[in-house]
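The values are calculated or read from the model by the stated rules, or taken from the named source; none is laboratory data. What you see is a predicted model, and the numbers here were worked out from it, not measured in a lab. Every residue, glycine as well, gets a Cβ built from its backbone with ideal geometry; the counts of neighbours run over all protein chains shown. The accessibility values were calculated without ligands, DNA or RNA, using every heavy atom of the protein model including side chains. Shrake-Rupley method; radii C 1.70, N 1.55, O 1.52, S 1.80 Å.
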Amino acid sequence: MKYVRPLSLFHDLMKTSAINQGRLLGLDVGDKYVGLAVSDPLNNIASPLSVLLRKKSNIELMATDFQSLICELSLGGFIVGYPFDRQRSAPDAVRVKLFVDDLCRTGKLEGLKFTYWDECFTSKNVELLVKPLNLHPVHAKSITDKFAAVGILQGYLDYVNKKMKLESAE
């Protein structure tokens with residue numbers, strides 16, 4: 001995996017032909033789970049996908065799952081939620097960096113580009129929306145993780161699409 005700046009990732013995707021352009025996968029990395037969201041083929045809209053169990057012992061399995069998703073969904077890159085509003089040494093920030101480092105060390109995602117995007121309050125916002133539904137805690141957690149990933153990915157897509165429109169207008 002290779003880190004690239006947020007706009008660079010999108011510019012690189014846009015340079016490829018429309019058929020090979022690739023979709024994006026949003027990741028909300030938590031202590032126990034990783035929420036996933038995927039963009040539509042035009043990279044305009046994020047939709048919830050699934051939740052993966054996160055353990056240090058299953059990072060190889062997760063990398064294999066990501067390989068499958070890359071093929072199945074024609075993924076061109078990952079947008080990883082990162083808590084930019086807090087200190088870099090905060091446990092949440094360290095957790096995200098360690099997860100990405102562990103994925104990189106598997107060697108299974110070589111050549112895949114990723115970038116970090118602000119996850120500011122995405123999980124908390126979804127929790128507030130889900131709470132009145134009185135769902136079973138396990139179901140509520142699954143929904144929260146998936147939709148937090150949607151919030152991360154949609155925030156990124158909105159930003160880069162707006163930037164692209166401004167650049168083309170100049």
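Just a few scattered comments:
- Contacts under 9 angstrom Cβ, first residue in the stretch 1-12 being over 16 Å from S39 (Cβ atoms) and touching a residue at least 60 places away in the same chain (Cβ under 8 Å), partner assigned to a loop (DSSP other than H, G, I, E, B) and of a type outside the set (G, A, S), 6 or more apart: M1/L109; M1/E110; M1/L112; K2/E110; K2/L112
- Listed by position, the strands (runs of 3 or more DSSP E) contained in the stretch 6-60 that have at least 1 residues being out of contact with any helix residue (DSSP H, G or I) (no Cβ under 7 Å at 6 or more places or on another chain) and modelled with pLDDT of 90 or more are 33-39, 46-53.
- Picking from residues in the stretch 2-59 that are among the basic types (K, R) and over 23 Å from K162 (Cβ atoms), the one that is surrounded by the fewest Cβ atoms within 10 Å (Cβ to Cβ) is K56.
- Number of residues in the stretch 96-120 that are touching a Phe, Trp or Tyr at 6+ places or on another chain (Cβ under 6 Å) and either open to solvent by 40 Å² or more (accessible area, probe 1.4 Å) or assigned to a strand (DSSP E or B) (or both): the value is 4.
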